[in-house]
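Engineer: Have a look at this one.
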Amino acid sequence: MAFGRLFALLEQLKADPTWVDKLLDSGHGSDRVWPIAVMKWHDAQRVARLPLWRLKFWDLEKSGLNYRVIYLYNWPDRSYNVMAVVHRDSFDYDDPTDPIRIRVFGRCRVEFPRA
C-alpha cells in the first residue's frame with residue numbers, strides 16, 4: 001500500500017511543473033502549505049560535494065508513512081534522479097558510516113561524476 005501511494009505521488013510530481021519548479025528550493029513546503037517539503041541534504045552538499053536533496057510528502061506523513069525520496073540534480077543535463085527511497089527511521093543523514101548514505105554517495109559518483 002505504501003509503495004503504491006508513494007509511486008502515485010512521484011508520478012504526480014513528475015507531471016506537475018509547479019511541483020518540479022520547487023525541487024531546488026530548500027525549505028519549500030516546510031510550512032505544510034504545499035503537498036511536498038524540499039530540503040538540501042546539507043552534509044552531502046558541503047562534505048561530499050554532491051547535489052543531493054531530500055523530499056517528503058505530507059500526505060504520507062499524515063498516514064504515518066515517513067519516507068524520504070533522496071534525489072540528485074544533475075546540472076549538466078538538468079535532470080532529477082531518484083537515488084533512494086528510505087524510511088526516515090532507518091536512515092541517518094549525518095552518519096558517515098550509514099550504509100544507505102555510503103551506497104547513495106557511491107552510486108552518485110559512478111553514475112554522475114560531473115554532477
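The values are calculated or read from the model by the stated rules, or taken from the named source; none is laboratory data. Remember, it's a predicted structure, so these values are computed and weren't measured experimentally. Ideal geometry is used to build each Cβ from the backbone, glycine not excepted, and the neighbour counts take in all protein chains shown.
Engineer: Looking at (1) in a loop (DSSP other than H, G, I, E, B); (2) more than 14 Å from ARG101 (Cα to Cα), which is the one condition that is false for ALA48?
Structural biologist: Status for ALA48: all satisfied but (2).
Engineer: Here's a follow-up. Only one residue in LEU60, LEU65 is in contact with a helix residue (DSSP H, G or I) (Cβ under 7 Å, 6 or more places away or on another chain), modelled with pLDDT under 95, closer than 27 Å to ASP21 by Cβ and part of a helix (DSSP H, G or I), so which one is that?
Structural biologist: Criteria check complete, one pass: LEU60.
Engineer: Taking region 20-43 only, how many residues are assigned to a helix (DSSP H, G or I) and within 15 Å of VAL82 (Cα to Cα)?
Structural biologist: Step one: filter region 20-43 for residues assigned to a helix (DSSP H, G or I), giving 20, 42-43.
Keeping just the survivors that are within 15 Å of VAL82 (Cα to Cα) gives 20.
Here the count works out to 1.
Engineer: Which numbered condition trips up TRP53, out of (1) in contact (Cβ under 8 Å) with a residue 12 or more places away in the chain; (2) surrounded by fewer than 17 Cβ atoms within 10 Å (Cβ to Cβ)?
Structural biologist: Tallying (1) in contact (Cβ under 8 Å) with a residue 12 or more places away in the chain; (2) surrounded by fewer than 17 Cβ atoms within 10 Å (Cβ to Cβ), TRP53 fails exactly one: (2).
Engineer: With respect to the numbered conditions (1) surrounded by 14 or more Cβ atoms within 10 Å (Cβ to Cβ); (2) more than 14 Å from the chain's Cα centre (by Cα), which one is the sole condition not fulfilled by THR18?
Structural biologist: Unmet condition: (1).
Engineer: Mind counting the residues in region 68-115 that are farther than 21 Å from LEU6 by Cβ and either basic (Lys, Arg) or part of a strand (DSSP E or B) (or both)?
Structural biologist: 4
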